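Here's the structure, in structure tokens; my notes come after.
The values are calculated or read from the model by the stated rules, or taken from the named source; none is laboratory data. Given the structure is predicted, the values throughout are model-derived calculations rather than measurements. All Cβ positions, even for glycine, are placed from backbone atoms using ideal geometry, and neighbour counts span all protein chains on display.
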Ligand code: PAF
């Protein structure tokens, strides 16, 4: 049976009150819709860990630095509700825009440090938009646990830092990236690629894996990255925006993998910007 779609905060608060009074734990899976198996794995993790699960769907205009990207972002509420039906979630919160950004909304949440590099540098304002909407969604749902995919690893760290700094009583849980059989990380943006584009895009993961193995052996990213970029361009990517080695704990940039680290990439194919990352070692 499909879960109720809730559009008003007052109704969501009513549910929260009833569940809390019954002593039930609440988990939230924040999404922008266009759900795929990656999102559904977060729902499964939330179902396993919490008595009640809320999935939020809100295409957040404040986190898009590119108006074209916002306009093209897939909006598939009906299909999303159908995909969630077998999971027995307790509510799908699809807030009316004024529940998130009421007339005169003037507050922003900005997280420094972990936001500064990679996505933060390439997409100015993106993480301010993410941190602001996620802070609101945490406070509105009152959840005790939140589930985020490691595909957006930088986002995961930004959100965790934000919740900790603002004393929002929620545990932010990272879940492994879900991949197509080809290795391509699941993403709502994959919907915009042709069959040929999808095949070419699947070269990103093996290139990252190979690079990660070489970094693990002690090589420096500076020595390897020109070849790796050339491989991606030869595979059909139009542009490699960055390849970056960063500490897994605070995302400080590294030259060699001499601390627990991850390798991150952003690259364009068929005019679509894809990101991915792998653990090094
Ligand atoms: O990862 C996403 O889908 C979004 O950035 C999020 C966390 C739902 C905030 O809008």
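Output the residues belonging to region 247-264 that are crowded, with 22+ Cβ neighbours inside 10 Å and under 16 Å from residue 160 (Cβ atoms). Answer for region 247-264, where residues must be crowded, with 22+ Cβ neighbours inside 10 Å and under 16 Å from residue 160 (Cβ atoms): 251, 262. Whether any residue in region 18-33 is near the ligand (Cβ under 10 Å from one of its atoms), at pLDDT 95 or above and on the phi > 0 side of the Ramachandran plot is what I want to check. Scanning region 18-33, I find at least one residue that is near the ligand (Cβ under 10 Å from one of its atoms), at pLDDT 95 or above and on the phi > 0 side of the Ramachandran plot, so the answer is yes.
Restricting attention to region 117-158, which residues are within 19 Å of residue 250 (Cα to Cα) and either out of contact with any helix residue (DSSP H, G or I) (no Cβ under 9 Å at 6 or more places or on another chain) or modelled with pLDDT under 95 (or both)? The answer is 121, 122, 153, 157.
If you check 159, 114, 178 for being closer than 22 Å to residue 53 by Cα, in contact (Cβ under 8 Å) with a residue 60 or more places away in the chain and within 16 Å of the ligand (Cβ to nearest atom), only one passes: 178. Against the test of being under 28 Å from residue 59 (Cβ atoms), under 22 Å from the mean Cα position of the chain (by Cα) and surrounded by fewer than 16 Cβ atoms within 10 Å (Cβ to Cβ), the options 184, 191 yield a single qualifying residue, 191.
Screening 86, 124 for residues that are away from the ligand (no atom under 15 Å from the Cβ), assigned to a loop (DSSP other than H, G, I, E, B) and not assigned by TED's automatic domain parsing to the domain that holds residue 271 leaves exactly one candidate, 124. Here residue 40 fulfils each of the conditions (1) assigned to a loop (DSSP other than H, G, I, E, B); (2) within 15 Å of the ligand (Cβ to nearest atom); (3) surrounded by fewer than 21 Cβ atoms within 10 Å (Cβ to Cβ); (4) at pLDDT 95 or above apart from (1). If you go through region 137-149 and keep only what is part of a helix (DSSP H, G or I), more than 10 Å from the ligand (Cβ to nearest atom) and surrounded by 19 or more Cβ atoms within 10 Å (Cβ to Cβ), you end up with 138, 140, 141. Just to be sure before I move on: is residue 104 over 14 Å from the mean Cα position of the chain (by Cα), more than 12 Å from the ligand (Cβ to nearest atom) and over 25 Å from residue 241 (Cα atoms) in the structure I sent? Criteria met by residue 104. Restricting 224, 232, 215 to residues that are in contact (Cβ under 8 Å) with a residue 40 or more places away in the chain, over 30 Å from residue 162 (Cα atoms) and touching a helix residue (DSSP H, G or I) at 6+ places or on another chain (Cβ under 7 Å) narrows the list to 215.
Return the total of residues in region 44-74 being within 19 Å of residue 2 (Cβ to Cβ) and within 13 Å of the ligand (Cβ to nearest atom). Matching residues across region 44-74 total 5. Scanning region 59-76 for residues that are assigned to a loop (DSSP other than H, G, I, E, B), more than 13 Å from residue 123 (Cβ to Cβ) and out of contact with any helix residue (DSSP H, G or I) (no Cβ under 8 Å at 6 or more places or on another chain) gives 75, 76.
Okay, residues lined up against (1) modelled with pLDDT of 95 or more; (2) outside any helix (DSSP H, G or I):
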{"position": "169", "(1), (2)": "yes, yes"}
{"position": "181", "(1), (2)": "yes, yes"}
{"position": "189", "(1), (2)": "no, no"}
{"position": "196", "(1), (2)": "yes, no"}
{"position": "199", "(1), (2)": "yes, no"}
{"position": "206", "(1), (2)": "yes, no"}
{"position": "214", "(1), (2)": "yes, no"}
